[in-house]
Amino acid sequence: MQEQSTHTAIAQRIVDNVSKVIVGKRPVIEHALAALIAQGHILVEDVPGVGKTMLAKSISVSIGCNFKRIQFTPDLLPSDVAGISVYNQASGEFQFRPGPIMSEIVLADEINRATPKTQSALLEAMEELQVTVDGETHPLKHPFVVMATQNPIEYEGTFPLPEAQLDRFLMRISLGYPEFEEELAVIEQQEHAHPIDSLEAVATPQEVIGLQEAAKEVYVDRVVREYIVHLTEATREHRDVSLGASPRASLGLFRAARALALVLDRDYVIPDDIKTLAAPVTAHRIILSPSARMRGVRSADLVSDLLNTLTVPGATR
């Protein structure tokens, strides 16, 4: 139990530090950290100016990791992401020049503005934790997480992420606009300098890897596991869904719930963890039917409705 508290103290230290930059969004920060601990990737979908880039940068600074930002544009090439082999005349050999993906925290900014060919350059890195250039495989550093952003409003000149790539993201989160007092606090914070400039590391990459290993020991009862599967099965059977959540969604929800329990100082998962993470983990993996889209149904709302119909483990009927 003492070891559990130590891991939670590290996690809460990271959340507190990031909260100095991202004001009033503690639950979102906890979800992002849970994704990192669960060794998953994050898609941040929100309007410009709410702190998507700062979220990624402040997390990387807080855990002492290398940070690289890739601005996705239509003319970006796969080699601009993964790297390229260059011939060295002095040695007579090809040398690998790593791309920005060879970092620990990678921000893929406006990922839907790049062509599908360039988007797919991320697939191997995100799934296999390696990149292959000219037949040679290069392993990535640990911990490794891709935080991608996209604007949900402006679609002109964009290439929507295919289902296979969306499925690679453990969570899709949104920061949203701050409350009145929170926005006032942001103005006061940045009156003379940005708080990211004075932010310091409060954990090490090795401690984050320790959190990832500790999350694997968090207990998940069988009834909670059944609750996860009942939810993903319900998405496949709903009349408004063309394609429901895959088994990867069940695994992702399982891993994310263990990580969140660790962040919240528990060595076991409760049904509320599943309910909290259900929409961030499963909604972006669901393809709605054409009639549902015409009626303005949102996948996150559909998941919430399903949670209201499912029996919660331990609840009284």
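The values are calculated or read from the model by the stated rules, or taken from the named source; none is laboratory data. Just so we're clear, the structure is a prediction, and the values are computed from it rather than from any experiment. Glycine also receives a Cβ, built like all others from the backbone with ideal geometry; neighbour counts cover every protein chain displayed.
Key figures
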item	result
Test for residue 68: is it of a type in the set (Lys, Arg), modelled with pLDDT of 90 or more and under 16 Å from residue 205 (Cβ atoms)	yes
Per-region count, the stretch 237-247, residues without any contact (Cβ under 8 Å) to a residue 60 or more places away in the chain and either among the polar types (S, T, N, Q) or part of a loop (DSSP other than H, G, I, E, B) (or both)	4
Counted residues, the stretch 184-236 - those being in a loop (DSSP other than H, G, I, E, B), surrounded by 14 or more Cβ atoms within 10 Å (Cβ to Cβ) and in contact (Cβ under 8 Å) with a residue 60 or more places away in the chain	5
Of all residues making up the stretch 131-152, the number that are in a strand (DSSP E or B) and surrounded by 15 or more Cβ atoms within 10 Å (Cβ to Cβ)	9
Members of the stretch 35-86 that are more than 29 Å from residue 261 (Cα to Cα), part of a loop (DSSP other than H, G, I, E, B) and among the charged types (D, E, K, R)	75
Sole exception among (1) in a helix (DSSP H, G or I); (2) farther than 22 Å from residue 190 by Cα; (3) over 17 Å from the mean Cα position of the chain (by Cα); (4) not β-branched (Val, Ile, Thr) for residue 97, by number	(1)
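Quick grid of which residues meet (1) without any contact (Cβ under 8 Å) to a residue 40 or more places away in the chain; (2) crowded, with 23+ Cβ neighbours inside 10 Å; (3) within 24 Å of residue 151 (Cβ to Cβ); (4) more than 18 Å from the chain's Cα centre (by Cα):
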residue	(1), (2), (3), (4)
39	no, no, no, no
44	no, yes, yes, no
55	no, yes, yes, no
59	no, yes, yes, no
69	no, no, yes, no
86	yes, no, no, yes
